[in-house]
Every structure is written in C-alpha cells, then in structure tokens.
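Heads up: the structure comes next, in structure tokens.
Since every read-out is calculated from the coordinates, none of them should be taken as a lab result. The model shown is predicted, which means the values in this text are computed figures rather than measured ones. FYI the Cβ positions are ideal-geometry reconstructions off the backbone, even for glycines, and counts take in every protein chain you see.
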Amino acid sequence: MPLYLAAHGASVQQIGIVAAAYPLVWGAGQLATGWLSDHTGRKPLITAGMLVQAAALGLLVAGDGAFPASLAAAVLLGIGTAMVYPTLIAAVSDATQPRDRARTVGVYRFWRDFGFVAGALIAGLGADAASPRTAILVVAVLTAASGLLVAATSWQRRQRLEPQPVR
C-alpha cells in the first residue's frame, strides 16, 4: 500500500497514517473478534473477514490512491484481518486433538507464512508485468474467492474431549 500511495503522489505523512491504520485496527480488533468467534462460530467470521479484505482492496484501487479512500481501505483491511487472523488459528485448533495441537498449528503457520511470501512474489511480478492496480485487483479477487470457498465448504467443529477423572 505505501508504494501504491507513493506512486499516486501521497505525502510521506499520508503514507505513514495509512500504513499505521491497518496494523492498529487489526491488532485492536483481534481483542473483540477472538471472543466473537467463540460465540458465533469460526466460519462466519472467516467468510466475512475475507470478503471485507477483498472489498478494502477494491476500494483502494477505486480510490486511485486518494488519501481518504486509502485510509478507509486500510481501516477495512484491518477489520477484515482482525476477523480472519485469530479465527483461522482457532479453527485449526478446534479441528485438532490437544496432543497434536502444537504441531498442527505450527504446520498451519508455516503454510500461512509461506503464502505471504508467495503472495508478495506474485503481486510484485504481476505489478511489473501489468500494473500495480491490476496486481491489487487480482489479490482482491483471490481473497474474495477464498471467502466464498469457505462459505461453500461444509465443516463442523470437532467436539472437545472432556478430561476423564483419574481413578
């Protein structure tokens, strides 16, 4: 986002404000969305969060680098990420037996972080091959498709095993 804004003539101050808004909203928002996912379920938050992220990226492009639209996009992106990020880890934990949880969450985090690297490379190559605008739109479409895939996928929470008393 900072490079996109700089290419559209944003000031260093505007870039800093937009760049700070996303992690601020994301970090603070997780305090509420972690609790919310325990009460509403994982799937609705993951689906909605991915769609909010996609809409935020669409708004960024539609705003053509203008500061107000970029700030709104950063806030929406933070909200969407706060909905998705802790909820995905909780969903992985829900689907795993306690004895396997640390290893399974570690594997999930490896592939999630690898996805960040792959996504950055694809976006960078796409921006070079086409344009930054096109690369952001491709990421928005892929993000929305991910949210719709989650919505279409049938899944249930695994029932938690109750600890058995020692006899």
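Applied to the range 75-91, the Karplus parametrisation 6.51 cos²θ - 1.76 cosθ + 1.60 on θ = phi - 60° returns per-residue 3J(HN,Hα) values of 5, 4, 4, x, 5, x, 5, 5, 6, 8, 4, x, 6, 5, 5, 5, 5 Hz, with x for Gly and Pro. Over the range 1-95, the fraction of Cα-Cα pairs per 5 Å bin, rounded to whole percents and listed from the shortest bin up, is 3, 16, 23, 20, 15, 10, 8, 4, 1, 0.
Contact order for the range 2-152, expressed relative to its length and based on alpha carbon pairs under 8 Å spaced 6+ residues apart, stands at 32 percent.
Helical runs assigned H by DSSP (4 residues or longer) give the chain a calculated mean residue ellipticity at 222 nm of -28000 deg cm²/dmol, each run adding -39500 (n - 2.57) before division by the residue total.
This model, with +1 at the C-beta of Lys and Arg and -1 at the C-beta of Asp and Glu, gives the range 1-135 a dipole about its Cα centre of some 360 debye.
Each residue of the range 122-139 was assigned a 3J(HN,Hα) from its phi angle through the Karplus expression (A = 6.51, B = -1.76, C = 1.60, θ = phi - 60°), giving 5, 5, x, 5, x, 5, 5, 6, 10, 6, x, 4, 5, 4, 5, 5, 5, 5 Hz with x at Gly and Pro. According to the calculation over all Cα-Cα pairs in the chain, the P(r) per 5 Å bin from zero is 1, 9, 14, 18, 20, 14, 9, 6, 4, 2, 1, 1, 0, 0, 0 %. Label-to-label distance, residue 39 versus residue 11, with points set 7 angstrom from Cα along the beta-carbon direction: 4.1 nm.
Couplings 3J(HN,Hα) of the range 29-43, computed from phi: x, 4, 4, 8, 6, x, 5, 4, 5, 5, 9, 9, x, 7, 4 Hz, in residue order, whole Hz [Karplus 6.51 cos²θ - 1.76 cosθ + 1.60, θ = phi - 60°; x for Gly and Pro].
Under conditions of 37 °C and 0.692 mPa s, the range 51-102 yields 265 µm² s⁻¹ as its translational diffusion coefficient, taking Rh as the Kirkwood radius over Cα pairs in the Stokes-Einstein equation. Here's the picture: charge each Lys and Arg Cβ at +1 and each Asp and Glu Cβ at -1 in the range 2-152, and of 3, 92, 14 the one pushed furthest to the positive end of that dipole is 92. Farthest towards the positive end of the charge dipole of the chain, among the residues 121, 34, 76, is the Cα of 34, using unit charges on the Cβ of Lys, Arg, Asp and Glu.
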